[in-house]
Each structure stands twice: as structure tokens, then as C-alpha cells.
Amino acid sequence: MKKILFIFLTFIVIVGCSNQTEAPKIDIPDETELNLSLTKFETMVSESTFPLDFGDEAWRNYQELEKNLVYRDSLYRDNDGSSLADVTSLIDTLLKKAEYEISEVDLGDGFNMVVFHYLDPTATEFYNYADLTFYFESDNLLFSAITVGPYEIRLGSVILDSELESVYVYDDLHILSNPTQFLGVATFTVNDIVVNQLNIPTASDADASSINANYLYLDGSEVITYYYINLQQVMHDFASYSIANYFQFMTDITSAQ
């Protein structure tokens, strides 16, 4: 069984942030932005994203799930979201039970985290090649994510931290010095606006002496803000840190209200 780190139960220091001096505020995007979907991340997912030949199945499944998931609003909590039974039923239409394993963490006060580990059916021991993570409040879905299992980072072609200062919309990522690599994508809603969390590796300098996991937040195509954590800190549990970073983002959003 994969060990899930209980990082969300401890104090987390976000070791870096954007150059904003106050908590981010979400502007309501126009209609064209609202119609954007996970397909905008398709160019980031390559054969090397999920090392096993069938690894991109999880990505295809996540896109299919997103067509049917309903999220409780993370700010106002005034609507019902999909239940765990709903999510499991949807996953069972895409996978055989032998192809995944479930880890569940009860966080108390009606909150829980459920991770579906995609398994290598040919392996004799537990070997996940991607995780789908879901975070619930009173059995109402607040947040979902897909994160890589085994991964490889092309150290010679990692975006620099400083380059993100010039990224204001999603398309800006495609004109940087190197192609953007992919560690995970998450989805939730704030004030009925779909927000995506995009996790990409970045380097502190040209020698890639320090690699960070950089969490960008986008409403439609516009980048709201970003946070980064040293990759060594998150590399053993991308799923848990995805939720932990979401907590940080929502703390900033709430404090700005």
C-alpha cells in the first residue's frame, strides 16, 4: 500500500510565491474562457509523462471524469458536489477493479481524501503509475487531481523560476525557453468559476541545481497566482501536496474577501 503523507495535518511552509504582495483575487472570466477545458493541457502530456506504455490512460480517464463531476464551491460551500459513490461508479465504468487500489484518509470534521492508484497489472508488487485524488466535505466533492506516479524530468530543459514572472495567460507557457513539463493538474470551483491547478517543474538557475514543483492557478486561460515547493519535498507524494497547496490557495482567497 502506498503511504500517504499526512502533510495536511501539519503546518506547511510554502517556500516561495509569486511576486504579488497581497492574496490573489479571481476576476470573473468571460464566456470564451469559461468554455475552456482540460484539453488545453493536452500538449503537455507526452509519452514520457507517464513512463509506462499505458500510463496516459489515467489522463484520458481524468478528462472523461471531468465531464460528469460536480464540485461544491470551495469558497461559499452552498451547493452539493458529487459523492464518493458517484466518483467510484464513474471510475468503474472506465477501469476494472483489479486495475486500481484505493487509499482513504479521514481528516475529521466531515473531510476526507480518497486516492485511486492506477496499478500496473503485470507487476507482482504495488506499483502505481498515476493517481486520481478526490477531496470531499460531507461527501461532497471539493477538489480533484491527477498526478504522476513514476516520472522523469529532463533536467537540461526545465523552465526557470524567473521565467514565470512573464507568464500571465496559459499560452505564455508555450513561448518560454523550454517546453513545459507536466507533474499534475487539479480542478475545483471558486464562486462558480472553474479553477485549475497546474503543477510543473521549474529550476532555480540554468544549472538546475535546485528543482521546484511550481503550482500555477488558472481561471480559464488567465494565471491567477503561483506557489512553489522544492521538488524533493513533494516527490514522494504528489497527491497529498496537491491538496496541501490547494489549502494554501484557498487560505489566500478567503483572506482577500
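Rounded to whole numbers, the Karplus 3J(HN,Hα) couplings from phi for segment 196-202 are 10, 9, 10, 9, 10, x, 9 Hz, using 6.51 cos²θ - 1.76 cosθ + 1.60 with θ = phi - 60°, and x at Gly and Pro. Of the three principal axes defined by the Cα atoms of segment 67-121, the extents in descending order read 41, 27, 15 Å. With a simple spin-label model that places each label point 7 Å from the Cα along the Cα-to-Cβ direction, the separation between Glu101 and Asp78 comes to 4.3 nm.
What a 1.4 Å probe finds exposed on segment 136-184 is 53% carbon and sulfur by accessible area, rounded to a whole percent. Note on segment 137-214: Kirkwood hydrodynamic radius from all Cα pairs is 14.1 Å, rounded to one decimal.
Apply the a/c threshold of 1.5 to the C-alpha gyration tensor of segment 116-257 and tell me whether it is rounded, prolate or oblate. Cα axes put segment 116-257 in the oblate bin. For Val223, nonlocal amide neighbours, meaning residues 5 or more places apart or on other chains whose placed amide H falls under 5 Å from its own, are Val169, Tyr170. Remark on Asn212: its backbone amide H falls under 5 Å from those of Thr202, Ala203, Ser204, Leu231, a criterion applied only to residues 5 or more positions apart or on other chains, H modelled at 1.01 Å from N. In terms of its C-alpha gyration tensor, segment 86-199 has an oblate overall shape, because the principal axis ratio a/c (a ≥ b ≥ c, square roots of the eigenvalues) is not below 1.5 and a/b does not outweigh b/c. As a calculated quantity, the FRET efficiency between Ser138 and Gln233 at R0 = 45 Å, using C-beta atoms, amounts to about 0.90.
Note on Asp56 and Ile175: their simple-model spin labels are 2.7 nm apart, each label 7 Å out from Cα toward Cβ. Per-residue Karplus couplings for segment 74-91, computed as 6.51 cos²θ - 1.76 cosθ + 1.60 with θ equal to phi - 60°, are listed in order as 6, 9, 9, 6, 10, 9, 8, x, 4, 8, 4, 4, 4, 5, 4, 4, 5, 5 Hz, Gly and Pro entered as x.
The values are calculated or read from the model by the stated rules, or taken from the named source; none is laboratory data. Keep in mind that what you see is a predicted model, and the values were worked out from it rather than measured. For neighbour counting, all protein chains shown are included, and Cβ atoms are generated from backbone atoms with ideal geometry for every residue, glycine included. Accessible surface areas use protein heavy atoms only, side chains included; no ligands, DNA or RNA. Shrake-Rupley method; radii C 1.70, N 1.55, O 1.52, S 1.80 Å.
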